[in-house]
1. Could you please give the count of residues in region 177-196 that are loosely packed, with under 14 Cβ neighbours inside 10 Å and either part of a helix (DSSP H, G or I) or aromatic (Phe, Trp, Tyr) (or both)?
2. Name the pairs: first residue in region 187-205 and closer than 24 Å to TRP28 by Cα, second residue part of a loop (DSSP other than H, G, I, E, B) and open to solvent by less than 50 Å² (accessible area, probe 1.4 Å), Cβ to Cβ under 7 Å, at least 6 apart or on different chains?
3. Please determine whether any residue of region 102-115 is open to solvent by 80 Å² or more (accessible area, probe 1.4 Å) and of a type in the set (Gly, Ala, Ser).
4. Consider region 68-127. How many of its residues are on the phi > 0 side of the Ramachandran plot and modelled with pLDDT under 90?
5. Of the residues that sit in region 59-75 and are in contact with a Leu (Cβ under 8 Å, 6 or more places away or on another chain) and without any contact (Cβ under 8 Å) to a residue 40 or more places away in the chain, which one is most open to solvent (accessible area, probe 1.4 Å)?
6. Among the numbered criteria (1) of a type in the set (Gly, Ala, Ser); (2) open to solvent by 50 Å² or more (accessible area, probe 1.4 Å); (3) at pLDDT 95 or above, which one does ALA156 miss?
Amino acid sequence: MDVVNQLVAQGQFRVLKVPLGFIKALQWFFAIFAFSTCGSYSGMFKMEVECRNRTDSDLSIEVEFEYPFRLHQVYFDAPTCKGIDTERFFLVGDYSSSAEFFVTIGVFAFLYATAALSVYVFFFDKYKENNKGPLIDLGVTSVFAFLWLVSSAAWAKGLSDVKTATDPDEVITMISACELEGNACREVHEPVMSGLNTSVAFGFINLILWVGNLWFVFKETGIVAPFMRPPPPPQEKPAPEAQQGGGIRAGPVRRDPGGGVPARVPAGCRVRAGLRPAGGANLLLQSDVSGQQAEIVGVGRLQPTHNATLLSVPGWWAGLKDRCSL
């Protein structure tokens, strides 16, 4: 008892409030409804055969069937309308495979959801250790999502066939006495299929829950973490600096850490690497101690003016260049 109390005290029940644990609790809940509504079903329909000779009639022929719907083993006796003799008839079809498969998936899904919830609540730290727990959980959840799809679709088709095989109007066509003139065969009570219809609905609800839970389990693996980093904040461009002396005018670029000054080059300044004086360039110059010489260390953009011959170079171009007299 002390061990149980200790586990309850250490349990992280807040995980049930996040999508990972909350959806798992819904899976546990709906899995119970899925396999119970199908596995506990039993139905009955009733017919009557009224013969020309009323004493040979049977006005209460009851046919009972139940899970797992091996209908070929279900039989009933109907009058032949030829005295007191009766004839035995069997229903058609064996739909146990789809029904049992559906119930089996529901039971195993319930067991896995129970185990997963226990791990989430009491061993969540170990669950995330070395990332093995989320990866195993992701694999098992993917398998169950696929199995719910297959089992629900198969059981939906099987249920449709069960409805056809247990339709009193269809069963009446099997009774030979109903084909004789003067005899009348009628449906008295049809089977109630609402429970089985609900089981199919619960099956597809489970499919939605298990597929939807894939994303939240996938997030726990950490695989998606590198792709969810926020973008870097945009860099603000510094305002243009004021007019500098000595023929050097500041441009719309930051100052170089080595003492460089954004500036415009006077007409006739020559540079290397095949760059020719033209309109549209903004050169980064570094002045010497006297202030009369400047060294080109970078290239940017600037609108040309009438008193300067500028360079047109896209982007930055770094490196030491020719010295220009200012």
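The values are calculated or read from the model by the stated rules, or taken from the named source; none is laboratory data. Not measured: the values here are computed from a predicted model. Here Cβ is always computed from backbone atoms with ideal geometry, including for glycine, and neighbour counts include all displayed protein chains. Just so you know, the surface numbers come from the protein's heavy atoms only, side chains and all, with ligands and any DNA or RNA stripped out. Shrake-Rupley method; radii C 1.70, N 1.55, O 1.52, S 1.80 Å.
1. Adding up the residues that qualify gives 2.
2. Qualifying pairs under 7 Å: GLY195/TYR41; LEU196/TYR41.
3. Checked region 102-115: no residue is open to solvent by 80 Å² or more (accessible area, probe 1.4 Å) and of a type in the set (Gly, Ala, Ser).
4. Qualifying residue count for the region: 2.
5. Filtering region 59-75 for residues that are in contact with a Leu (Cβ under 8 Å, 6 or more places away or on another chain) and without any contact (Cβ under 8 Å) to a residue 40 or more places away in the chain, the one most open to solvent (accessible area, probe 1.4 Å) comes out as TYR75.
6. For ALA156, the failing item is (2).
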